[in-house]
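Engineer: Below are the structure tokens for one structure; questions will follow.
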Amino acid sequence: MNKMLSLEEGKKFVRLARNSIRMYFTNEEVDLSNVKKFSDKQGVFVTLNKRGMLRGCIGYPEPIMPLYKAVVQAARSAALSDPRFPPLTEKEINEVTVEVSVLTVPELIEVKDAEEYLDKIKIGRDGLIVRAPFGSGLLLPQVFPEYNAKPRLALEMTCQKAGLPRNYYKDVETCKIFKFQAQIFSEEEPNGNVVEKKE
């Protein structure tokens, strides 16, 4: 995967994500002056963790808006609109770490037989998207190593996320699997130092 952003640029986006959430509560305008140049459309996800546990994660798998706008929207959605969690409170802002994943454009994995997927997915590098007539789901690259997942389990997990049977990926006619990579920038502690996560 090509380097898309430098660490310094990644830090700007993590700060932008945090400020977007904070300023929602204070009703202030978010300062976009130092990120406006990132106007290329890119997919992005913002993940919030609290004491090592997921507290919200929402984003855009496809490049549908300029990166800086996508980060603002994804950050606020992760904090306030993730249906799995109650909305973040203003007090909690200083208890969560912020992580920004900037995505490559998802590419369809072309196969004739589902077993071929196992050789075409690299755990730690690839995130997966499952798209089927009755559901779709996405898991970021950083999720699979947490479960020591091999490619088969990664496929099953992504099908589950889509609300589909675990082995639905084997139906290569109606189930399409896409992979993507991500550059991941994450706070080491709330409001703390930002690092780039490596695979």
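Each value in this text was obtained by applying a stated rule to the coordinates, not by laboratory testing. Please read these numbers as outputs of a predicted model, since none were measured by experiment. When we count neighbours, we look across all protein chains shown, and the Cβ atoms used for this are built from the backbone with ideal geometry, even at glycine.
Engineer: Can you list the aspartates and glutamates whose alpha carbon is less than 15 Å from that of K197, not counting same-chain residues fewer than 8 positions off?
Structural biologist: E8, E9, E99, D126, E146, E187, E188, E189
Engineer: Give, to the nearest whole percent, the P(r) tail of the stretch 24-72 beyond 18 angstrom, counting all Cα pairs. All intermediate terms of the calculation are to be shown ahead of the outcome.
Structural biologist: Working: 539 of 1176 pairs.
Everything past 18 Å amounts to 46 percent.
Engineer: What is the gain in length, in nm to one decimal, between E8 and R51 on full extension, counting 0.36 nm per residue of separation less the C-alpha to C-alpha distance?
Structural biologist: Working: separation 43, 0.36 × 43 = 15.48 nm, distance 2.52 nm.
This chain segment gains 13.0 nm when fully extended.
Engineer: Under the 0.36 nm per residue contour assumption, what length would be gained going from the current alpha-carbon distance of V195 and T26 to full extension? If you can, show how the numbers build up before the last one.
Structural biologist: Values: separation 169, 0.36 × 169 = 60.84 nm, distance 2.74 nm.
Computed gain between V195 and T26 is 58.1 nm.
Engineer: Now, a different point. Taking amide hydrogens as modeled 1.01 Å from N in the peptide plane, which residues meet the under 5 Å criterion relative to D126, leaving out close sequence neighbours?
Structural biologist: Correct list: empty.
Engineer: Over the chain, calculate the relative contact order: mean separation of alpha carbon pairs under 8 Å at least 6 apart, over the residue count, as a percent. Before the final figure, lay out each step's value.
Structural biologist: Working: 401 pairs, mean separation 43.7, N = 199.
The normalised contact order for the chain reaches 22 percent.
Engineer: To make sure I understand the rule: partners must be lysines, Cα under 16 Å from the Cα of K176, and not fewer than 8 residues away in the same chain. Which ones qualify?
Structural biologist: Cα-Cα hits under 16 Å: K112, K120, K161.
Engineer: Could you work out, for the stretch 107-180, what percent of all Cα-Cα pairs fall into each 10 Å distance bin, beginning at 0 Å and stopping at the bin that holds the largest distance?
Structural biologist: Histogramming the stretch 107-180 at 10 Å steps yields 23, 61, 16, 0 percent.
Engineer: Hey, another quick one. Between K37 and D171, how high is the FRET efficiency from 1/(1 + (r/R0)^6) when r is the Cβ-Cβ distance and R₀ = 35 Å? Nearest 0.05. Each step should come with its number before you reach the end.
Structural biologist: Details: r = 44 Å, r/R0 = 1.25.
Plugging the Cβ-Cβ distance into 1/(1 + (r/R0)^6) gives 0.20.
Engineer: Turning to a different aspect of this structure: Does anyone have the angle between helix 151-161 and the longest principal axis of the chain? Alpha-carbon axes, 0 to 90°, nearest 10?
Structural biologist: Long axis of 151-161 versus the principal axis of the chain: about 60 degrees.
Engineer: Can you list the lysines whose alpha carbon is less than 16 Å from that of K50, not counting same-chain residues fewer than 8 positions off?
Structural biologist: K91
Engineer: While we're on this one: Working from Cα positions, state the angle (0 to 90°, nearest 10) between the long axis of helix 7-26 and the longest principal axis of the chain.
Structural biologist: 70 degrees
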